[in-house]
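The values are calculated or read from the model by the stated rules, or taken from the named source; none is laboratory data. None of these values were measured; they are calculated from a predicted model. Because the Cβ atoms are built from the backbone with ideal geometry, glycine has one as well, and the counts that use them run over all protein chains shown.
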Amino acid sequence: MGPILTLENAGYRYGDMWALQEVSVEVGRGELLGVLGPNGSGKSTLLRLMDGLLSPYAGKVRFRGQSLEDLPRAQVARQVAMVSQESHFRFSFSVLEVVLMGRFPHMRRLQFEGTHDLAVARKALEATNALDFADRDIHAVSGGERQRVLIARALAQEPEVLLLDEPTAFLDLRHKREIFRLMDSLVRNAGLGVVVVSHDIDLASQYCSRVLVLQEGRVVESGPPETVITAETIGRVFDCPVLVDGHPDTGRPRVTMVP
Amino acid sequence: MKKSTHPLTARNVLGLTLAMGLLLGCVMAGSLGLGTADLSVTEILGRLAGRGAGEDSVGLILFRIRLPRILLAAVAGFSLSLGGVAFQAILRNPLADPFILGVSSGGAFGAVLGILMGFGFSVGVPVMAFGGSLLTLGLLMALGTRRMGMESATVLLTGVIINAFFTAVIMFFITTTTDSRLHSMLFWLYGDLGQSRYSHLVVSGPLALGGCAVLYAFSRHLNLITAGEEAARQVGVEVRRTKLVCLITVSLLVGLVVSFSGLIGFVGLIVPHLARMVFGADHRVLIPTAAFGGAAFLVAADTLARVLISPSELPVGVITAFLGAPFFIYLLKTRGSRWGRS
């Protein structure tokens, strides 16, 4: 299958500071792409370009050949969904209401959510294992639950590509694993293309089919985890000495910090 | 414990809107019967049914004094409450309100300027008031917009300053001119619904309803904007267009209300908050219920203003500020905890 989301030499700057330069990436269906890199290396900017939230100053971002910046937001939202790091609900909505908001791009202006929308929302809540607290207030759920709700909302958009910005930040071990397993099943069973920005190099190594390493706004390495996640690359990019060996179960690269 | 009920349907919205409309009707009927002149129920009912001589004192009180005033109170409360709903959603701050943000005093400034320039009350002055509101809004946006959207603390603070400035300018104009058309200072500073004319109502009434319809068309957009502008864009909302349409609509309504009734504060703060507590935060139900609720609230407040120290009367803004200021403090104190439905 060919790529659906492509960046061609894309660049973005804030003021005259380039946050990303000459980035070329392709995301295909059934692919879990991990984006690694130190803080400030342009990871979040990359996701914003991929969702068309920012328009590139250089190069192009295309979805199935169409430039994202020329498309209406609702059309983009039917194809690409994003889960950001922060999302603050100022007023009280129930978990189900939040997930139903993901149906926005599929609905006409004065339409109310119908049985189909409700079914999609329930399926999304089921996929993220969040159906049990669908009636709770969004402010009354824990960090891990909230992250699952936001992923469910993104799934309710029925996108082809799902972008996640550090979905495992602030989560404990079990919840981190759950999120990665969920992404894995979305890729395998639903055929989604998933891009995940993460500081969990080990988890990314275990689950991603491909990883991309960013440093100062440029792609320095890209390929399967086995070839990209090496002591040399990680040590250099993160400016921190590390040891890399094989995971006892899977053989995928495993990173250990040098004390 | 798991509810499989649908969260919101068109029928819910229609039912709750009709209920609030009914409440408004009852409050208006009650208000019509209360006042300095003691009119009996049979007299009023008879007159409403069209019996009796046209221009006796009962008819005069009912149709020339009380009814236009009640209708203006309803239109003003309706519009100001909508203003509160829209500002609170777009600024993502429950403390926003046309009065606090200075949009009302900007409108009053425009209106006073219009009067001094000799414009008429039916078109020129309201247009100037709209211009004043729009100018304030432009200032707020220019000073409060950050890269990630509007920063609500900055916008609120800017609004407070703009409010103080325009109030001072209005005071200056009023005290330095002898123009009789700037009849009373209180009218502009505390709001007064006693100057109502049917000729104003035929303009402001339909515009208020139209503005409500426009905002309603963006109700799901507003739901999403309350979770952040970028978050809303992710789900497919054209945020810039939504904000532009909603804010211009609201400044038109607020400017119009101000030019006919002066500065009435806190309606847009209290009513949307109460509506959110009772009906939830979904704008599809919040917009119509807060609008009718605001109308009922202001009619009730103005009735109090008419009868509390009868035969004299208070400016209605005194009543709303008396109720609103403590309410504002209460909101400020509970800030940081959750808003809306518990």
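Annotation: of all residues in region A:33-78 being assigned to a loop (DSSP other than H, G, I, E, B) and of a type in the set (D, E, K, R), the one that is nearest to A:GLU166 (Cα to Cα) is A:ASP51. Residues considered: B:LEU91, B:LEU135, B:LEU71, B:LEU67. Of these, the only one that is within 26 Å of B:VAL239 (Cβ to Cβ), surrounded by fewer than 24 Cβ atoms within 10 Å (Cβ to Cβ) and aliphatic (A, V, I, L, M) is B:LEU135. In region A:98-132, the qualifying residues are those that are without any contact (Cβ under 8 Å) to a residue 40 or more places away in the chain, under 19 Å from B:ARG233 (Cα atoms) and charged (D, E, K, R), and the one that is nearest to the other protein chains (Cβ to nearest Cβ) is A:ARG109. B:ILE270 falls short on exactly one of the conditions (1) under 19 Å from B:THR17 (Cβ atoms); (2) within 16 Å of the chain's Cα centre (by Cα), and that condition is (1).
Of all residue pairs spaced 6 or more apart or on separate chains, those with beta-carbon atoms under 6 Å, a first member in region A:44-66 that is under 19 Å from B:GLU238 (Cβ atoms) and a second member that is small (Gly, Ala, Ser) are A:LEU49/A:ALA10; A:VAL61/A:ALA10.
Against the conditions (1) surrounded by fewer than 23 Cβ atoms within 10 Å (Cβ to Cβ); (2) within 13 Å of chain A (Cβ to nearest Cβ), B:PHE322 satisfies every one except (2). Taken across region B:289-300, residues that are surrounded by fewer than 24 Cβ atoms within 10 Å (Cβ to Cβ) and either touching a helix residue (DSSP H, G or I) at 6+ places or on another chain (Cβ under 9 Å) or closer than 30 Å to B:ARG197 by Cα (or both) do occur, with at least one present. Considering only residues that are under 11 Å from A:LEU36 (Cβ atoms) and not in a loop (DSSP other than H, G, I, E, B), which ones fall in region A:220-259? Answer for region A:220-259, where residues must be under 11 Å from A:LEU36 (Cβ atoms) and not in a loop (DSSP other than H, G, I, E, B): A:VAL220, A:GLU221, A:SER222, A:PRO225, A:VAL228, A:THR233, A:ILE234, A:VAL237, A:VAL255. Any residue that is touching a residue at least 40 places away in the same chain (Cβ under 8 Å), among the aliphatic types (A, V, I, L, M), within 14 Å of another protein chain (Cβ to nearest Cβ) and in a helix (DSSP H, G or I) - is there at least one of those in region B:290-305? Looking through region B:290-305, at least one residue is touching a residue at least 40 places away in the same chain (Cβ under 8 Å), among the aliphatic types (A, V, I, L, M), within 14 Å of another protein chain (Cβ to nearest Cβ) and in a helix (DSSP H, G or I). The one condition from (1) modelled with pLDDT of 85 or more; (2) under 19 Å from the mean Cα position of the chain (by Cα) that B:PHE327 does not meet is (1). Which members of region A:133-166 meet the condition of being within 9 Å of chain B (Cβ to nearest Cβ), assigned to a loop (DSSP other than H, G, I, E, B) and not acidic (Asp, Glu)? Residues satisfying the conditions are A:ALA134, A:GLN157.
Of the listed requirements (1) of a type in the set (Val, Ile, Thr); (2) more than 12 Å from chain A (Cβ to nearest Cβ); (3) within 30 Å of A:LEU150 (Cβ to Cβ), B:THR242 misses just one: (2).
Of the residues making up region B:182-219, those that are modelled with pLDDT under 95 and either surrounded by 21 or more Cβ atoms within 10 Å (Cβ to Cβ) or in contact with a strand residue (DSSP E or B) (Cβ under 6 Å, 6 or more places away or on another chain) (or both) number 8.
Return yes when A:ARG90 is surrounded by fewer than 23 Cβ atoms within 10 Å (Cβ to Cβ), more than 9 Å from every other protein chain (Cβ to nearest Cβ) and not in a helix (DSSP H, G or I) and no when it is not.
So A:ARG90 does not fit the description; no.
Taken over region B:138-172, the criterion of being over 17 Å from B:ILE248 (Cα atoms), surrounded by 13 or more Cβ atoms within 10 Å (Cβ to Cβ) and at pLDDT below 75 is satisfied by B:GLY149, B:GLU151, B:SER152. Screening A:SER41, A:SER67, A:SER84, A:SER24 for residues that are within 13 Å of another protein chain (Cβ to nearest Cβ) and either buried (at least 16 other Cβ atoms within 10 Å of the Cβ) or of a type in the set (S, T, N, Q) (or both) leaves exactly one candidate, A:SER84.
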